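Trainee: Here it is, the structure, as structure tokens.
The values are calculated or read from the model by the stated rules, or taken from the named source; none is laboratory data. All values derive from a computational prediction rather than experimental measurement. Neighbour counts run over all protein chains shown; Cβ positions are idealised from the backbone, glycine included.
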Amino acid sequence: MTSDTATANADARRLLLQAIRDPAAMAGLSEGDLDLTLRVARRARLLGRLGHALKTRELLETLPQVVVDQFTGALAMADARARLARWELDRIDWALGSEASMPLITMKGCTYLLLDLPNVHGRIFADVDLMTTEQELEPLEARLNAAGWRTTELTPYDQNYYRRWTHELPPLIHEEREVEIDLHHSVMPRTARLKPDSAKLVEASQPVAGSRYRVLADEDIVLHAMVHLMFDSDLGDKLRDLVDIADLLEHFAARDAEFPAKLLDRAATLDLLRPAFYSLRYTSRLLGLELSGLTEELASRGAPNAIVVWLMDRLVPRGLFPEHPDRPSRLTGVARLLLYMRSHWIRMPPWLLAYHLSYKFVVTRLRGKQAA
């Protein structure tokens with residue numbers, strides 16, 4: 001990687017971080033820097049969030065009209081996707097009927113929407129994530145199938161992989177609206193090294209007023225966001241998820257001074273100290289969030305060995321941040337490959353990982369030969 005490429009990517013990260021921390025600073029950017037900020041913010045799925053921050057501070061009109069138009073479009077798209085999410089939740093409610101009594105817990109974006117949490121504004125919804133008990137999973141799937149949500153057609157191997165090894169069913173997609181539902185029975189795959197007790201998550205969940213839906217407890221909302229980022233993804237272009245975590249932490253800590261201590265206790269109870277450690281480390285290092293005592297306590301209780309921490313400190317920022325759109329970095333590609341490998345390593349025991357990758361390699365080669 002040339003020094004020009006390294007400088008260009010560092011500039012892209014600096015501009016995006018500056019916009020997240022201080023949206024007002026965008027008014028003082030040069031035309032080129034403002035254009036780059038918009039491009040990387042869009043790739044990071046943060047354009048709507050920045051637009052909302054500028055709009056609520058009455059700063060949007062301080063920017064050139066072409067920039068205002070882009071932020072306005074991003075906000076309109078976010079509003080449209082939020083309406084779609086609300087409608088899909090309504091249709092699921094209708095499809096299940098009043099006799100369906102299973103706990104139905106929203107997760108991630110739909111929870112933020114139902115609770116009107118700070119990170120919902122300007123957020124683009126992609127799908128509907130729901131959680132219920134493992135016993136209710138198949139009856140729930142059957143009801144949704146009957147009402148027009150079709151389970152994704154997969155190979156027998158992939159069907160078995162989802163149903164036997166993971167924490168969710170194959171995605172369901174509505175035959176008319178093409179909105180995806182992901183049905184979970186846990187926040188981590190059965191094969192993962194960490195074993196949070198799903199029954200405790202369901203037991204602590206709270207009803208949403210005027211709705212059939214429930215949401216996770218405050219601490220569990222944050223912990224699930226941490227798990228989803230640090231243990232259920234490859235971290236590629238996932239800066240928005242880290243920003244979500246920072247927003248949630250600030251919100252709940254401002255509402256309850258004891259929240260950091262409660263979060264730490266809950267992470268220990270659910271065997272989630274490691275994702276909490278990583279999440280707090282990088283919200284502090286990259287976004288400047290500080291929660292008194294929590295980061296230090298997690299470092300003593302949830303950190304891996306010093307070599308792993310050193311390596312993650314070099315990989316995670318490269319994976320999370322979008323690359324400069326005109327100067328992609330080879331080092332970023334290497335970092336993301338290593339993080340992708342890590343994401344599989346921590347989700348499967350070695351024997352299953354070897355079997356899974358071998359199968360996928362053989363099938364891919366056979367399909368390639370058949371296509372030729």
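Trainee: For the condition touching a residue at least 12 places away in the same chain (Cβ under 8 Å), in contact with a Cys (Cβ under 7 Å, 6 or more places away or on another chain) and buried (at least 16 other Cβ atoms within 10 Å of the Cβ), what is the one hit in Asp129, Asp218? Lay out the reasoning, then the answer.
Mentor: Values: Asp218 fails: in contact with a Cys (Cβ under 7 Å, 6 or more places away or on another chain).
After applying the criteria, what remains is Asp129.
Trainee: Looking at region 255-282 only, could you name the residues that are surrounded by fewer than 24 Cβ atoms within 10 Å (Cβ to Cβ), more than 14 Å from Ser300 (Cα to Cα) and free of Cβ contacts under 8 Å to residues at least 60 places away in the same chain?
Mentor: Within region 255-282, Arg255, Asp256, Ala257, Glu258, Phe259, Pro260, Ala261, Lys262, Arg266, Tyr282 meet the criteria.
Trainee: Now for a separate question. Mind telling me which of the residues Ala257, Ala261, Ala246, Ala253 ends up being assigned by TED's automatic domain parsing to the domain that holds Ala303, of a type outside the set (Asp, Glu), over 25 Å from Trp345 (Cα atoms) and not in a helix (DSSP H, G or I)?
Mentor: Details: Ala261 fails: not in a helix (DSSP H, G or I); Ala246 fails: not in a helix (DSSP H, G or I); Ala253 fails: not in a helix (DSSP H, G or I).
Answer to the check: Ala257.
Trainee: Could you list, in sequence order, all residues of region 73-105 that are small (Gly, Ala, Ser), over 26 Å from Arg45 (Cβ atoms) and touching a Phe, Trp or Tyr at 6+ places or on another chain (Cβ under 9 Å)? Give the derivation first.
Mentor: Taking region 73-105 first, the residues small (Gly, Ala, Ser) are 73-74, 76, 78, 80, 82, 85, 95, 97-98, 100-101.
If we keep only those that are over 26 Å from Arg45 (Cβ atoms) too, we end up with 95, 97-98, 100-101.
Passing the criteria: only Ala95.
Trainee: Identify, by number, the condition in (1) touching a helix residue (DSSP H, G or I) at 6+ places or on another chain (Cβ under 8 Å); (2) closer than 30 Å to Gln70 by Cα that Leu169 doesn't meet.
Mentor: Checking Leu169 against (1) touching a helix residue (DSSP H, G or I) at 6+ places or on another chain (Cβ under 8 Å); (2) closer than 30 Å to Gln70 by Cα, the one that fails is (2).
Trainee: Where residues in region 191-210 are assigned to a loop (DSSP other than H, G, I, E, B) and touching a strand residue (DSSP E or B) at 6+ places or on another chain (Cβ under 9 Å), which of them is surrounded by the fewest Cβ atoms within 10 Å (Cβ to Cβ)? Give the steps one after another, and end with the answer.
Mentor: The first filter runs over region 191-210 and keeps only residues assigned to a loop (DSSP other than H, G, I, E, B), leaving 191-197, 205, 208-210.
Narrowing further to those that are touching a strand residue (DSSP E or B) at 6+ places or on another chain (Cβ under 9 Å): 205, 208.
Numbers: Ser205: 20, Val208: 15.
Filtering first and then ranking leaves Val208.
Trainee: Then there is this: Check every one of the helices (runs of 4 or more DSSP H) wholly within region 41-155 and list those with 1 or more residues that are modelled with pLDDT of 95 or more. Walk me through how you get there before you give the answer.
Mentor: Details: elements: 47-56, 65-96, 109-115, 134-146.
Result: 47-56, 65-96, 109-115.
Trainee: OK, next. Would you mention how many residues in region 207-216 are touching an Asp or Glu at 6+ places or on another chain (Cβ under 9 Å) and either hydroxyl-bearing (Ser, Thr, Tyr) or under 23 Å from Leu273 (Cα atoms) (or both)? Don't jump to the end; show me each part of the working.
Mentor: Kept after step one, since they are touching an Asp or Glu at 6+ places or on another chain (Cβ under 9 Å), are these residues of region 207-216: 211-213.
So of that shortlist, the ones also either hydroxyl-bearing (Ser, Thr, Tyr) or under 23 Å from Leu273 (Cα atoms) (or both) come out as 211, 213.
Qualifying residue count for the region: 2.
Trainee: Show the residue pairs that are 6+ apart or on different chains and have beta-carbon atoms under 8 Å apart, the first residue being within region 342-355 and farther than 19 Å from Pro275 by Cβ, the second being part of a loop (DSSP other than H, G, I, E, B).
Mentor: Leu352/Thr191
Trainee: Test each condition in (1) polar (S, T, N, Q); (2) in a helix (DSSP H, G or I); (3) assigned by TED's automatic domain parsing to the domain that holds Arg91 for Ser284 and report the one that comes out false.
Mentor: (3)
Trainee: Just for region 228-252: of the residues that are touching a Pro at 6+ places or on another chain (Cβ under 6 Å) and surrounded by fewer than 24 Cβ atoms within 10 Å (Cβ to Cβ), which one is nearest to Pro275 (Cα to Cα)?
Mentor: Within region 228-252, the subset touching a Pro at 6+ places or on another chain (Cβ under 6 Å) is 230-231, 237, 247, 251.
Still in the running and surrounded by fewer than 24 Cβ atoms within 10 Å (Cβ to Cβ): 231, 237, 247, 251.
Numbers: Phe231: 7, Asp237: 18, Asp247: 17, His251: 19 Å.
Ranking the qualifying residues of region 228-252, first place goes to Phe231.
Trainee: So for region 179-190 (the condition being touching a Lys or Arg at 6+ places or on another chain (Cβ under 8 Å), part of a loop (DSSP other than H, G, I, E, B) and loosely packed, with under 13 Cβ neighbours inside 10 Å), does at least one residue qualify? Even if it seems obvious, please write down each step before you answer.
Mentor: If we filter region 179-190 for residues that are touching a Lys or Arg at 6+ places or on another chain (Cβ under 8 Å), which is where we start, we get 188-190.
Those still in the list that are part of a loop (DSSP other than H, G, I, E, B) too: 188-190.
After this cut, where a residue has to be loosely packed, with under 13 Cβ neighbours inside 10 Å as well, the list is none.
So far as region 179-190 goes, no, none of its residues is touching a Lys or Arg at 6+ places or on another chain (Cβ under 8 Å), part of a loop (DSSP other than H, G, I, E, B) and loosely packed, with under 13 Cβ neighbours inside 10 Å.
Trainee: Moving to a separate point now. Name the residue that is modelled with the lowest pLDDT, counting only residues in region 4-40 that are surrounded by fewer than 18 Cβ atoms within 10 Å (Cβ to Cβ) and touching a Lys or Arg at 6+ places or on another chain (Cβ under 8 Å).
Mentor: That would be Asp4.
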